[in-house]
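The values are calculated or read from the model by the stated rules, or taken from the named source; none is laboratory data. Computed from a predicted model, the values in this text were never measured in an experiment. Every residue, glycine as well, gets a Cβ built from its backbone with ideal geometry; the counts of neighbours run over all protein chains shown. Side chains included, ligands, DNA and RNA excluded: accessible areas come from the protein's heavy atoms. Shrake-Rupley method; radii C 1.70, N 1.55, O 1.52, S 1.80 Å.
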Amino acid sequence: MNEAETRAEHIDPALKAAGWGVVDGSRVLREHGITPGRLQGGGGKGARTRAEIADYVLVYRNTKLAVIEAKAWGKPHTEGVGQAKAYAAKLAVRHTYATNGQAIYGIDMATGAEGDVAAFPTPDELWNLTFAEANAWRDRFAAVPFEDRGGTWQGRYYQDIAIGRVLDAIADGRDRILLTLATGTGKTFIAFQIAWKLFQSRWNLADRDSSAEPARRPRILFLADRNILADQAYNAFSAFAEDALVRIAPDEIRKKGRVPKNGSVFFTIFQTFMSGPGGAPYFGAYPPDFFDFIVIDECHRGGANDEGTWRSILEYFAPAVQLGLTATPKRHGNVDTYAYFGEPVYTYSLKEGINDGFLTPFKVRQIATTLDDYTYTPDDAIVEGEVVPGKRYVEGEFNRVIVIPEREAYRVKVFMDMIDQREKTLVFCATQDHALMVRDLINQTKTSTDPDYCVRVTANDGAIGDQHLRAFQDNEKTIPTILTTSQKLSTGVDARNVRNIVLMRPVNSMIEFKQIIGRGTRLHDGKDYFTIIDF
């Protein structure tokens, strides 16, 4: 009897006898895909390593509880134990089973206990085996299904784990929570699902320690540091009723003469909250306990720093449960973030994302030119300013302290000859002025006839820059093809089809480097890898 027959004739009936798929709220996921497999980066063929697929995943109360690895009737019943443990570890479920349809071998991943069991546990038995202590909020959260837009919006395994860890922390009474997930892994999706469960279960600060049924829905704040990120989040939360969502904007506040308070999920940027008439910040117009739950997007960007302008907002709304989202593991530059929020309840790294096949791998091409440092001699012409005779200028000073246009023109020609000029490309420059110069040099070098082939997107470009960025992010549009920037695009910009990232300045922080890499890692049809061209 082969594996398929063993499943159909023996394993499926055993699961049904235990109540799986019969008891209300229980489901059996068969051939459940965990990861699609790493992209091989072979140039457009879409080849991947082997996908990870679990034979069975047992779900009860919208929670994955166990994995079952099946083998054919004639094989030992413990043949699948290695896979069963690997998949259970991946999905972060406590119990896993191996079977050949005749005997069942069970493993408790938390205690390490393992051995033969007489039968599969019932849904309620497995729930109680997984969660020894009762928790009313855990049960309420579990009763709310993920919002899946009619089955079209399925979470990835690590997103489910991240959501579960945050909700567990909230159920346990934690006030400060941190998630560390690589750029491009869907932090906004995770934040939405958490907000959805809190909203539908009516979790709120006043009722969280009460044994009574909760009386009201929570008020939730999503804080970002760029309008484009707040707008992306606002659009991602569209499953909420329209009147539940509020975009807090300074012009609206000025027009109405007050901050908006009617709504359930509020979106704004730190700069809006810090501004206000006569130096009084707008956030002060809300009572400190107005928000029950606050999501701080890209929280490593100064929010948890004692001297950071954002810290005052977080401290003012101290009663709220605060969730920080970051893409950067703990390093020298962001220790304040970790000190404020505590260690992350879950981490999913860039390496894991690439190996699982949820992020695009990259290739690095390092370019050395003949002029990577420079010493002034009297026969060199100075266009403007002063240089110090005999001083050696190094990479970090180019385009900040000293500008050699011929050098930049040469570097632009090098990478323009290297890339397919139809591919979307981001160029990171030393300053906004440098980004302006590089933009012009690219447009002088390009084969395209379109005047907007390369544009600059920096803080100085304002609304027109944001317009160019939106067009660049649109996968249907081919113009603009190249963006030059200095700092602005290093975080949070969701452009899927970026094929090249050009570094024309030193990146001195690993945090920023990871952020920049994240601009290229998002998946797109036909994109097997992207290239980092590193000057």
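Packing here is the average count of other Cβ atoms within 10 Å per residue, and on that basis the peptides 95-101, 126-132, highest first, run 95-101, 126-132.
Backbone phi angles across the stretch 346-359, fed through the Karplus curve with coefficients 6.51, -1.76 and 1.60 (θ = phi - 60°), yield HN-Hα couplings of 7, 10, 10, 8, 4, 4, 4, x, 5, 5, 6, x, 8, 10 Hz in residue order; Gly and Pro are listed as x. Spacing of the modelled spin labels on residue 110 and residue 410, each 7 Å from Cα toward Cβ, amounts to 6.4 nm. For residue 9, the accessible area of its heavy atoms, probed at 1.4 Å with every protein chain present, is near 110 square angstrom. The DSSP beta bridges internal to the chain are antiparallel in roughly 35% of cases. Each stretch of four or more DSSP H residues adds -39500 (n - 2.57); spread over every residue of the chain, this sum gives -8500 deg cm²/dmol at 222 nm.
The aspartates and glutamates within cross-link reach of residue 330, meaning a Cα-to-Cα straight distance under 15 Å and a gap of 8 or more places when in the same chain, are 298, 343, 512. Residue ranges 319-327, 29-37 sort as 319-327, 29-37 when ordered by packing (mean number of other C-beta atoms within 10 Å per residue, highest first).
If R0 is taken as 25 Å, the Cβ-Cβ distance between residue 9 and residue 152 corresponds to a FRET efficiency of 0.15. Taking label positions 7 Å along the Cα-Cβ direction at both residue 420 and residue 280, the computed distance is 5.8 nm, reported to one decimal. For residue 64, the aspartates and glutamates whose Cα falls under 12 Å of its own Cα, not counting residues fewer than eight places away in the same chain, are 160.
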